[in-house]
Amino acid sequence: MTETTEVYSAHLPGFQETAFIKGHEEYQALHKRSLEDPDAFWAEQAEKYLSWQQKWEHVLEYDFPQGKISWFGGAKLNATYNCLDRHIDTIGEKTAYFWEGDDPNQSLSLTYKELYQKVNKAAAALKAKGLKKGDRVVIYMPMVPELAIAMLACARLGVIHSIVFGGFSAESLANRINDCGAKMVITADGSFRSGKTIPLKNAVDAALPNCPEVENVLVLDRCGLGLTLGENESWWHEVMADPDLPDYVEPEPMDAEDPLFILYTSGSTGKPKGVVHTHGGYLLYAAMTTRITFDLKDDEVFWCTADIGWITGHTYLVYGPLINGLTGLIFEGVPSYPGFDRFWQVVEKYQVSKFYTAPTVIRSVAKEGAAMVDKYDLSSLRLLGTVGEPINPEAWRWYYEHVGKSRCPIVDTWWQTETGGHMMTPLPGVHELKPGSCAQPFFGVDPVIIDPDTGEPARYPNQEGVLCIRKPWPGMARTVFGDHKRFIETYFSQVPGMYFTGDGAKYDEDGYFWIIGRIDDVINVSGHRLGTAEIESALVAHRDVAEAAVVGFPHPVKGQGIYAFVTLNTGVGKTDEIKKELVKMVRSEIGPVATPDVIQWADALPKTRSGKILRRMLQKIAAGDIKEMGDTTTIADPSVLEQLIKERVASTA
Ligand code: PRX
């Protein structure tokens, strides 16, 4: 991360007078209280943001070494009652969602009442298929309203949803279906992307022969592909039109600690983990962070561009906005179709006031020039947000000046799938803005930088270390589905007594935090988190590959690109044909999101004498940063390194 001393004022027009948090003093006082008396602080927020069927026996109980965290235990509520039922009498006619298709001529909107009716129907349909509280359903759908409806229908019944992003392959889908033991898959015939049709159902067909527990498949007719469905497969529209289905399904009373959903995310080792979030704490944290971070007022239109298949979509496109009764925008398309001005055209069309996207999107549109933005009236915008990866100051400035016209604060929100919601972010009207810094912690969050050598907190500003969190917050994950031991090992064993984020970070003289990036073998490609181990195992599955090591390297648009060093079996020729097969292999094992950018043949990989791959050195080679190789004395055979450097230089010259 480039360091910068640039500071932009917190005093932007419109925020001082009306912001929910009025200035730094109020922020500090509230933050202090949230840490000193979490029970009282969070009980108050729980009353304010959610409707409970039964109150809690305790607010917080926890034991980090055992990975046990409980918020509002004994309390009862239902997510969809909070998102829908309680709004019907007051804001039933308000737009819950605008939906804009990949094709600019396709759009629709849904009021809260319409959404409520559809969710009830869908819940009735799922119930009729035998689904009940605690069952799991995997949803593999494009960005259409039915995706949100399917999630909410599950939540209404207490069925645990697990959404798999449409960019994952059949293999990844099958792994997730089996890991969570899903009884049903909800999908679509296809999805539209940049005017092309992607055959989503094909992936489901390829996955299901390996998924014996799936009993039913529900298929949305999104693209009119005219598929013939198999046994135990039904069309969404036919099922929903069944005249015998009731119009109303009682929302299942859920314990605050009952799981709401499972979402798979990559770690440094092994297969992706099924992170579990709850009904009580997660929903409260989603609701509060949505309202406060974006300073969302009731009459505003909020557009979070993330796919619902990622945590950002779960929290800031579905649960957070709906609990607050806000109007959200679901966009099916991409920033570049039909042209690179699509996002700004959509902002103007729907008069979006708060806009939340990823740095990779900013970089990809910025390179097309500011004229693409300037031709639209973006005066409705009041605040911009970013998430998913560190934002480079150049991209930040471009966003601030060209999209925000130097009058909209940018909230650079740092958080993770496991944290459920924002952990650190500037608050509008409260924090000064420093491009590239995620400023200060949200309420209830107690971050600390740990010196990896001593295990002690950093002693001075700008000392780099590992970011840990000292206390629980309501939105944190509760377990890894089916593997609580892994939950403890990953998050609570590295630095005893704390939640371990896996991110390197530091704070500056003003107590502002700066995220440096992952310290583990996780790479962040266009804001998508991928484990290098997963990509390596896809590569070594090729018959000609002996060994592979994957690292990230700086990429001008994606943030990080994927660089693979591959050793072929003896006697196999290093052909472009094999490179193509390897790319195909990764795409089919994981999905297009994990497509390698560079494959370099390696006769051997640099290893320690005990056989451990020296990844730090490979990272330097991939980045072209070969002058400072650091300590090379641990390497068993230095000639391996020289060879790789030579070939890297040759391949990029
Ligand atoms: O490395 C951090 C980076 O993304 C990781 C979390 O990825 P994921 O679980 O997929 O969630 C992404 C959306 C919340 C973090 O460990 N990251 C996320 N937001 C930021 C960030 N890095 C720097 N600045 C951010 N604002």
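Within the range 489-507, if we keep just the residues that are away from the ligand (no atom under 12 Å from the Cβ) and aliphatic (A, V, I, L, M), the residue that is surrounded by the most Cβ atoms within 10 Å (Cβ to Cβ) turns out to be V495. Screening the candidates P435, P452, P390 for the property of being within 12 Å of the ligand (Cβ to nearest atom) and open to solvent by 30 Å² or more (accessible area, probe 1.4 Å) yields one hit, P390.
For the range 237-249, state whether one or more residues are open to solvent by less than 20 Å² (accessible area, probe 1.4 Å) and not hydroxyl-bearing (S, T, Y).
Checked against the condition, which is being open to solvent by less than 20 Å² (accessible area, probe 1.4 Å) and not hydroxyl-bearing (S, T, Y), the range 237-249 yields at least one hit.
For (1) away from the ligand (no atom under 16 Å from the Cβ); (2) more than 17 Å from the chain's Cα centre (by Cα); (3) at pLDDT below 95; (4) crowded, with 24+ Cβ neighbours inside 10 Å, each residue gets a yes or a no:
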residue	(1), (2), (3), (4)
T289	no, no, no, yes
F294	no, yes, no, yes
D299	yes, yes, no, no
C304	no, no, no, yes
I308	no, no, no, yes
T312	no, no, no, yes
L317	no, no, no, yes
G325	yes, yes, no, no
G333	yes, yes, no, no
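Candidates are the residues of the range 509-519 that are open to solvent by less than 40 Å² (accessible area, probe 1.4 Å) and out of contact with any Asp or Glu (no Cβ under 9 Å at 6 or more places or on another chain); the one that is nearest to the ligand (Cβ to nearest atom) is F513. In summary, G591 fulfils each of the numbered conditions (1) open to solvent by 40 Å² or more (accessible area, probe 1.4 Å); (2) at pLDDT 90 or above with the single exception of condition (1). Among the residues of the range 204-224, those identified as surrounded by 15 or more Cβ atoms within 10 Å (Cβ to Cβ) and either over 27 Å from K127 (Cβ atoms) or in contact with a Phe, Trp or Tyr (Cβ under 7 Å, 6 or more places away or on another chain) (or both) are V204, A206, L218, V219, L220, D221, C223.
Take N82 and decide whether it is crowded, with 19+ Cβ neighbours inside 10 Å, under 30 Å from P38 (Cα atoms) and out of contact with any Pro (no Cβ under 8 Å at 6 or more places or on another chain). Reasoning before the result, please.
On the way: crowded, with 19+ Cβ neighbours inside 10 Å: yes; under 30 Å from P38 (Cα atoms): yes; out of contact with any Pro (no Cβ under 8 Å at 6 or more places or on another chain): yes.
Considered against the rule, which asks whether it is crowded, with 19+ Cβ neighbours inside 10 Å, under 30 Å from P38 (Cα atoms) and out of contact with any Pro (no Cβ under 8 Å at 6 or more places or on another chain), N82 comes out as yes.
From the list P272, P243, pick out the single residue that is touching a Ser or Thr at 6+ places or on another chain (Cβ under 7 Å) and more than 23 Å from G320 (Cβ to Cβ). Write out each step before concluding.
Numbers: P243 fails: touching a Ser or Thr at 6+ places or on another chain (Cβ under 7 Å).
Just one listed residue meets the conditions, P272.
For the range 100-148, name all the residues that are farther than 16 Å from L317 by Cβ, aromatic (F, W, Y) and either outside the structural domain of E252 (by the TED database) or not in a strand (DSSP E or B) (or both). Selection gives Y116 alone.
Residues of the range 364-386 that are in a strand (DSSP E or B) and either hydrophobic (A, V, I, L, M, F, W, C) or more than 21 Å from P556 (Cβ to Cβ) (or both): L383, L384, G385.
Here is a yes/no grid of residues against (1) within 16 Å of the ligand (Cβ to nearest atom); (2) open to solvent by 30 Å² or more (accessible area, probe 1.4 Å); (3) closer than 21 Å to P104 by Cα:
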residue: R342; (1), (2), (3): no, no, yes
residue: V346; (1), (2), (3): no, no, yes
residue: S353; (1), (2), (3): no, no, yes
residue: T360; (1), (2), (3): yes, no, no
residue: G369; (1), (2), (3): no, no, no
residue: W398; (1), (2), (3): no, yes, no
residue: K405; (1), (2), (3): no, yes, no
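Within the range 603-625, if we keep just the residues that are open to solvent by 50 Å² or more (accessible area, probe 1.4 Å) and over 16 Å from G561 (Cα atoms), the residue that is modelled with the lowest pLDDT turns out to be S610. Just need a number here: residues in the range 498-512 that are free of Cβ contacts under 8 Å to residues at least 40 places away in the same chain and closer than 10 Å to N462 by Cα. Number satisfying all stated conditions: 0. Listed conditions (1) assigned by the TED database to the domain that holds M288; (2) touching a residue at least 12 places away in the same chain (Cβ under 8 Å) are all met by L35, apart from (1).
Screening I91 on (1) open to solvent by 20 Å² or more (accessible area, probe 1.4 Å); (2) among the β-branched types (V, I, T); (3) more than 19 Å from A286 (Cβ to Cβ) shows it passes everything except condition (3). Taken over the range 39-76, the criterion of being assigned to a strand (DSSP E or B) and more than 23 Å from F443 (Cα to Cα) is satisfied by Q54, K76.
In the range 524-556, which residue that is in a loop (DSSP other than H, G, I, E, B) and more than 16 Å from the ligand (Cβ to nearest atom) is nearest to E394 (Cα to Cα)?
Let us first name the residues in the range 524-556 that are in a loop (DSSP other than H, G, I, E, B), namely 526-527, 541-544, 556.
With the extra rule that they be more than 16 Å from the ligand (Cβ to nearest atom), the set shrinks to 541-544, 556.
On the way: A541: 40, H542: 40, R543: 44, D544: 42, P556: 11 Å.
Among them, the one singled out is P556.
Only one of these is within 19 Å of M254 (Cβ to Cβ) and either small (G, A, S) or open to solvent by 10 Å² or more (accessible area, probe 1.4 Å) (or both): A170, A155. Name it.
Answer to the check: A155.
Just checking, does the range 265-272 include any residue being polar (S, T, N, Q), assigned by the TED database to the domain that holds F98, away from the ligand (no atom under 16 Å from the Cβ) and closer than 30 Å to L384 by Cα? The answer is no, given that none of the residues of the range 265-272 is polar (S, T, N, Q), assigned by the TED database to the domain that holds F98, away from the ligand (no atom under 16 Å from the Cβ) and closer than 30 Å to L384 by Cα.
The values are calculated or read from the model by the stated rules, or taken from the named source; none is laboratory data. Only a predicted model underlies this, so the values are computations on that prediction, with no experimental measurement involved. For neighbour counting, all protein chains shown are included, and Cβ atoms are generated from backbone atoms with ideal geometry for every residue, glycine included. We work out accessible area using only protein heavy atoms, side chains counted, and drop any ligands, DNA or RNA first. Shrake-Rupley method; radii C 1.70, N 1.55, O 1.52, S 1.80 Å.
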